[in-house]
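The values are calculated or read from the model by the stated rules, or taken from the named source; none is laboratory data. The shown structure was predicted, so the numbers you read here are calculated from the model rather than taken from an experiment. Backbone-built Cβ (ideal geometry, glycine too); neighbour counts: all protein chains shown. All accessible areas refer to the heavy atoms of the entire protein, side chains included, with ligands and DNA or RNA removed. Shrake-Rupley method; radii C 1.70, N 1.55, O 1.52, S 1.80 Å.
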2 protein chains.
Amino acid sequence: MGERAERRRRTEARILDAARALFGEVGYERATIRGVAKAAEVDPALVMQYFGSKQELFRHAVRVVPMAEGEPDPQELVERLLGTLDVKMELPQSSLAMLRSMLTHPEAAASAREVLGQQIDRLAGSITGDDARLRAALMTMVLLGVTVGHQLLELDELRGVPQDEVARLLRPALRALTGPDVS
Amino acid sequence: MGERAERRRRTEARILDAARALFGEVGYERATIRGVAKAAEVDPALVMQYFGSKQELFRHAVRVVPMAEGEPDPQELVERLLGTLDVKMELPQSSLAMLRSMLTHPEAAASAREVLGQQIDRLAGSITGDDARLRAALMTMVLLGVTVGHQLLELDELRGVPQDEVARLLRPALRALTGPDVS
DNA sequence: GTCTATAAAGGGATAGAC
DNA sequence: GTCTATCCCTTTATAGAC
């Protein structure tokens, strides 16, 4: 590609980074095009030029990273979940932006439901029993709650706690949710 | 009091109910004075007249109900927590309004931190060990996560599930978080 | 006391100059 | 291609008529 296109790509990336950061900090409604532009050090009109609308900017900013595939056994599953917690301590800004807005912005809510639903599906496939989906949903909500408290509400009690400490305490609770079949 | 004051009190209550419902549905930023007024079937200016500002209206709408006092043992504690889940299935609209806005509205976030902090304090007092506060925080986050998924995101997997079913599955997980000392 | 009219501010979106 | 200037709508908030 030409240096022109290259420069454009870099500018676009800088705008998206700024958008992710701002959406993640204050949520969809309080984030403004002007604010994103200022953070990215570009003209506000340029943001519109590139993305067409605030909605579209948000859509591009919150590209979600899907979880790893596969159907491990329940034990391994718990470890994998706790692993995502690890990730969530340095949660991708794109996911943070979505989480921040999921309770107030309809599209973010839809996106959250989709992602969480996928995770629930994957979890349910690894659990036996009639209430597998319910258990899977509760496990997902446990992780969501901890993430919200830590990343978004920034509760004092969770600030600066090493990830493996949280994982250690959470492990028995998640195992309890996988069901009675401790093979 | 006179019938004049009585009428005013009723109108004010109707406005507050409408405000709670709207704040709870769409959050602080998307809720408007006009919307509240329309739902309460009053003039928008009247809402301003009564409460002065949107901020103040919100403040009055989200009066939080404190949790029951006392320091029960861990076992009873879990049951009491699960009991609040019961309440949360028909969560007070004032709390719902706060929860809905806690990720995007600074004042709602502060209010949430305060309420959650109080609950964590109370829980921590009933748990032994160095990491009592951390465990208490995680227990609180578990309940928060489930509530968010059920009440705010309205996940299919949690819709229509009887409360005691959720309680049954959550009980072992919460007990695991109270600590190793199963007296 | 209640409502009409309007001011004031903010932000999304657009047209056109350079 | 990038930025200036502006439009236009929405919403909070206020002033004053009835």
- Note on the structure: Taking the stretch A:7-43 and keeping only residues that are away from DNA strand D (no atom under 15 Å from the Cβ) and within 14 Å of chain B (Cβ to nearest Cβ), one is left with A:22, A:23, A:24, A:25, A:26, A:27, A:31
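Can you tell me which residues in the stretch A:110-136 are in a loop (DSSP other than H, G, I, E, B) and within 11 Å of residue A:177 (Cα to Cα)?
Going through the stretch A:110-136, the residues in a loop (DSSP other than H, G, I, E, B) turn out to be A:125-131.
Residues satisfying the conditions are A:127, A:131.
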- Note on the structure: Across (1) touching a Ser or Thr at 6+ places or on another chain (Cβ under 8 Å); (2) at pLDDT below 95; (3) facing chain A (nearest Cβ under 7 Å), residue B:161 clears everything bar (1)
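For every residue, the table says whether it meets (1) surrounded by fewer than 12 Cβ atoms within 10 Å (Cβ to Cβ); (2) assigned by TED's automatic domain parsing to the domain that holds residue A:93; (3) farther than 11 Å from residue A:58 by Cα.
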{"site": "A:8", "(1), (2), (3)": "no, no, yes"}
{"site": "A:11", "(1), (2), (3)": "no, no, yes"}
{"site": "A:19", "(1), (2), (3)": "no, no, no"}
{"site": "A:22", "(1), (2), (3)": "no, no, no"}
{"site": "A:25", "(1), (2), (3)": "no, no, yes"}
{"site": "A:28", "(1), (2), (3)": "no, no, no"}
{"site": "A:33", "(1), (2), (3)": "no, no, no"}
{"site": "A:38", "(1), (2), (3)": "no, no, yes"}
{"site": "A:41", "(1), (2), (3)": "yes, no, yes"}
- Condition met for residue A:175 (open to solvent by 30 Å² or more (accessible area, probe 1.4 Å), touching a helix residue (DSSP H, G or I) at 6+ places or on another chain (Cβ under 8 Å), more than 7 Å from every other protein chain (Cβ to nearest Cβ) and in a helix (DSSP H, G or I)): yes
- Any chance residue A:129 is at pLDDT 90 or above, open to solvent by less than 10 Å² (accessible area, probe 1.4 Å) and not aliphatic (A, V, I, L, M): no
- Query: Checking residue A:47 against (1) touching a Ser or Thr at 6+ places or on another chain (Cβ under 8 Å); (2) modelled with pLDDT of 90 or more; (3) not charged (D, E, K, R), which test does it fail?
  - Reply: (1)
- Task: May I ask you to list the residues in the stretch A:133-158 that are more than 7 Å from every other protein chain (Cβ to nearest Cβ) and either closer than 23 Å to residue B:115 by Cα or free of Cβ contacts under 8 Å to residues at least 40 places away in the same chain (or both)?
- Result: A:136, A:140, A:143, A:147, A:150, A:151, A:154, A:156
- Looking only at the stretch B:50-59, which residues are surrounded by 17 or more Cβ atoms within 10 Å (Cβ to Cβ) and more than 16 Å from DNA strand C (Cβ to nearest atom)? B:58
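Being facing chain A (nearest Cβ under 9 Å) and out of contact with any helix residue (DSSP H, G or I) (no Cβ under 6 Å at 6 or more places or on another chain) is the filter; apply it to the stretch B:113-125 and report the residue that is least open to solvent (accessible area, probe 1.4 Å). Full working, then the answer.
Step one: of the stretch B:113-125, the residues facing chain A (nearest Cβ under 9 Å) are B:113, B:116-117, B:120, B:124.
Add one more test, that the residue is out of contact with any helix residue (DSSP H, G or I) (no Cβ under 6 Å at 6 or more places or on another chain), and what stays is B:113, B:117.
On the way: B:113: 94, B:117: 16 Å².
Filtering first and then ranking leaves B:117.
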